[in-house]
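**Student:** I have a structure here, written as structure tokens, and I will follow up with some questions on it.
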Amino acid sequence: CTAFSPGHITGFFEKPKDKKNQNTDLLFYGSKGAGFSFKKGVTTSVELYKSKNKWYQIYINNLLTNNAEVSEWVAQYYIDKFDFTYYIKINHFIDIPIGYGLGTSGAAALSLSYALNKALDIKFLKEQAAQIAHIAEIECNTGLGTVISEFYGGLEIRTSFGAPGIGKVTKIELDNYKAIILCISPLSTKKILSNYSNNANILGKKMVERLLLSKDVNSFLRMSYEFADFLGLTKGLCAKPIEELNNCGIDCSIGMFGETIFTLVPPNEISTVTSVLKKFRGTLIVSDIDNRGAVIENFD
């Protein structure tokens, strides 16, 4: 069984007030904010083989890995909760860079939970399978709102805290836009979240309210840049490419969290943006927006 989850970039966000503790129901925990999903991401295949014991192995692009913490959490959840006797071979096919704020761990967890649910015939609703991925990300400290964003797709505004099926999302479908992304250098999400201030939260909250009113792509890009600047992310490697794009009249920003520059433009502006960004080192991605969200691709 195979499932796909798009990649995702967060433009700005508001963290929940309460620190996660034993009494917090993680289904009601997460982040508010805004971002967009794009058509490159993670395709996960699950193969079941009869076995005396329940066990699994995880491959990334056909290479065995023991460095997939969020996916291990999801696999272990299904192994602990359900009665079956299989060896499960899990393969994540990832066509975007890992560690650059493109939502790969959330996409891996979400596509894996969909595929396991279907392959093992658990009969969870889509929301329930997605909720497992949401909790996995929070438990592993790799994200707060990525899974619900990739669940819905589009340019999303997350207006209440919580997992898929609980958190509220206003979704704007972007048909005539391309995402252009330059991944320059990875950043640690954990490190930035630990330095995150209450003032940033106040700003994120205001921006959610403003974007709900405008529902405008360029105001999303400008607010995202303002938020990144407030967090001190606009200096260093990202400064020069952003300046050159701005000089061409292109709004752009930095993804949460990576030294990753992104913009959303109509097709007639693609060549302007790519000709600027090609001058800088990094991985350049041009992708359609993913408006459908994560899906089960096939089952046989």
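The values are calculated or read from the model by the stated rules, or taken from the named source; none is laboratory data. Just so you know, these numbers come straight off a predicted model, no measurement behind them. As a convention, Cβ positions derive from the backbone with ideal geometry for all residues, glycine included, and neighbour counts pool all protein chains shown. What goes into the accessible areas is simple: the full protein's heavy atoms, side chains included, and nothing from ligands, DNA or RNA. Shrake-Rupley method; radii C 1.70, N 1.55, O 1.52, S 1.80 Å.
**Student:** Using only the Cα atoms of the stretch 142-300, what do you get for the radius of gyration and for Dmax, in Å?
**Tutor:** Just the Cα atoms of the stretch 142-300 yield Rg and Dmax of 16.0, 52 Å.
**Student:** Next question. When DSSP beta bridges are limited to those with both residues in the chain, what percentage is antiparallel, rounded to the nearest 5?
**Tutor:** Values: 53 of 59 bridges.
Bridges in the chain that DSSP calls antiparallel: roughly 90 percent.
**Student:** Which entries of Lys171/Lys240; Lys39/Lys279; Lys15/Lys171; Lys50/Lys123 have Cα-Cα distances beyond 30 Å here?
**Tutor:** Lys171/Lys240
**Student:** Further, regarding this structure: Going by alpha carbons, how many degrees (0 to 90, nearest 10) lie between the helix axis of 217-230 and the longest principal axis of the chain?
**Tutor:** With both axes taken from Cα atoms, the answer is about 90 degrees.
**Student:** Just to confirm, what accessible area per residue do you get for the stretch 5-141 at 1.4 Å probe, in whole Å²?
**Tutor:** 44
**Student:** Can you compute the helix-only [θ] at 222 nm over the chain? Use -39500 (n - 2.57) per DSSP H run of at least 4 residues, normalise by all residues, nearest 500 deg cm²/dmol.
**Tutor:** Computed ellipticity for the chain at 222 nm equals -10500 deg cm²/dmol.
**Student:** Please list Ser111, Ser219, Ser275 in order of solvent-accessible area, largest first, computed with a 1.4 Å probe with all protein chains present.
**Tutor:** Reading off the accessible areas and sorting them downward yields Ser275, Ser219, Ser111.
**Student:** Further question: Relative to the longest principal axis of the C-alpha atoms of the chain, give the angle of the C-alpha long axis of helix 126-139, reported between 0 and 90° and rounded to the nearest 10°.
**Tutor:** Taking Cα atoms only, the helix is inclined about 70 degrees.
**Student:** Pick from Phe161, Phe12, Phe84: which residue has the top mean-square fluctuation in a GNM of the chain where Cα pairs under 10 Å get a spring?
**Tutor:** Phe84
**Student:** Of all the accessible heavy-atom surface of the stretch 186-289, with the other protein chains kept in place and a 1.4 Å probe, what percent is carbon and sulfur?
**Tutor:** Summing carbon and sulfur atoms, their accessible area is 51 percent of the total for the stretch 186-289.
**Student:** With every protein chain left in place, what is the accessible area of Ile98 in Å² (1.4 Å probe, nearest 10)?
**Tutor:** 100
**Student:** What size of dipole, in debye to the nearest 20, comes out for the chain about its Cα centre when the only charges are +1 on Lys and Arg C-beta atoms and -1 on Asp and Glu C-beta atoms?
**Tutor:** 380
**Student:** Over the stretch 87-142, what is the mean sequence separation of C-alpha contacts under 8 Å (at least six apart), divided by residue count, expressed as relative contact order in percent?
**Tutor:** Once divided by the residue count of the stretch 87-142, the mean separation gives 35 percent.
**Student:** Could you go through the stretch 244-259 in sequence order and give the Karplus-derived ³J(HN,Hα) for each residue, using 6.51 cos²θ - 1.76 cosθ + 1.60 with θ = phi - 60°, rounded to whole Hz, and x for Gly and Pro?
**Tutor:** 5, 5, 4, 4, 8, x, 9, 6, 8, 7, 10, x, 9, 9, x, 7
**Student:** So, by mean Cβ neighbours within 10 angstrom, what's the order for 234-247, 26-39 with the highest one leading?
**Tutor:** Peptide ranking by packing, descending: 26-39, 234-247.
**Student:** Please compute the contact order of the chain in relative form: average sequence separation of alpha-carbon pairs under 8 Å and at least six residues apart, divided by the residue count, as a percent.
**Tutor:** 27
**Student:** Going out from 0 in 5 Å bins, what whole percent of all Cα-Cα distances in the stretch 96-213 drops into each bin?
**Tutor:** 2, 10, 16, 20, 22, 18, 8, 3, 1, 0
**Student:** Something else about it: Provide the FRET efficiency to the nearest 0.05 for the Lys123-Phe84 pair, computing r from the beta carbons and using R0 = 22 Å.
**Tutor:** Plugging the Cβ-Cβ distance into 1/(1 + (r/R0)^6) gives 0.95.
**Student:** State the Cα centre-to-centre distance between the stretch 257-280 and the stretch 80-109 in whole Å.
**Tutor:** Using only Cα atoms to place each centre, the spacing works out to 29 Å.
**Student:** Given N residues in the chain, what is its alpha carbon radius of gyration divided by 2.2 N^0.38 Å?
**Tutor:** 0.98
**Student:** Separate question: Would you mind computing, in nm to one decimal, how far apart the modelled labels at Asn61 and Ser275 are, each placed 7 Å from Cα along Cα→Cβ?
**Tutor:** Distance between label points: 3.1 nm.
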